[in-house]
Amino acid sequence: MAKAIYVEDDPGQRRLLPMVLSGKGVDFKLDLATYEDYNSGAEAIRTAQELDLLITDISMPGGRGYNLISQARERFPNVPAIVLSADTRDLTEARKVVNGTERVFYREKPYDIREFRGLVGQLLKG
């Protein structure tokens, strides 16, 4: 089963995404651990034995999501990441910071559920 970390400060989004990635029509198995702020997400990355996917918000208490991508890539160089944000300015900033980084995908909230599931499925298949 694939291992993923999801870091999101919005409680509603933290409840929604696990349902999106485990409902009908999902053709993958995912062990998704959720964290509510930058620091808990960073600690999870530091202590993870395995990481197949990182999904992160950009703006959250304690830090920025693109820094989590950098930390994850130090331990798991090829881990794909999905960056989520409701603010397109955040996505523009993230693109500048992680420019040139392969396998980083950006999605604006609200995202299309079917497309998001498809992206996650593709990333987990390699």
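The values are calculated or read from the model by the stated rules, or taken from the named source; none is laboratory data. Nothing here was measured: the structure is a model prediction, and the numbers come from that model. Positions of Cβ are backbone-derived with ideal geometry, glycine not excepted, and every protein chain shown enters the neighbour counts.
Data overview
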item	result
Within the range 101-126, considering residues that are among the β-branched types (Val, Ile, Thr) and assigned to a helix (DSSP H, G or I), the one modelled with the highest pLDDT	VAL120
Pick from the range 73-84, criterion closer than 18 Å to VAL120 by Cβ and without any contact (Cβ under 8 Å) to a residue 60 or more places away in the chain, ranking: surrounded by the fewest Cβ atoms within 10 Å (Cβ to Cβ)	ASN78
Answer from GLU74, GLU8 - the residue that is modelled with pLDDT of 95 or more and either acidic (Asp, Glu) or under 12 Å from the mean Cα position of the chain (by Cα) (or both)	GLU8
Tabulated pairs, the range 60-72, first of a type in the set (S, T, N, Q) and in a strand (DSSP E or B), second modelled with pLDDT of 90 or more and surrounded by 18 or more Cβ atoms within 10 Å (Cβ to Cβ), C-beta under 7 angstrom, 6+ apart or interchain	none
Close pairs from the range 102-114: first of a type in the set (Asp, Glu), partner loosely packed, with under 11 Cβ neighbours inside 10 Å, Cβ under 8 Å, at least 6 apart	GLU108/THR88
Count of the range 18-49 residues which are more than 26 Å from ILE113 (Cβ to Cβ), surrounded by fewer than 15 Cβ atoms within 10 Å (Cβ to Cβ) and out of contact with any Pro (no Cβ under 9 Å at 6 or more places or on another chain)	4
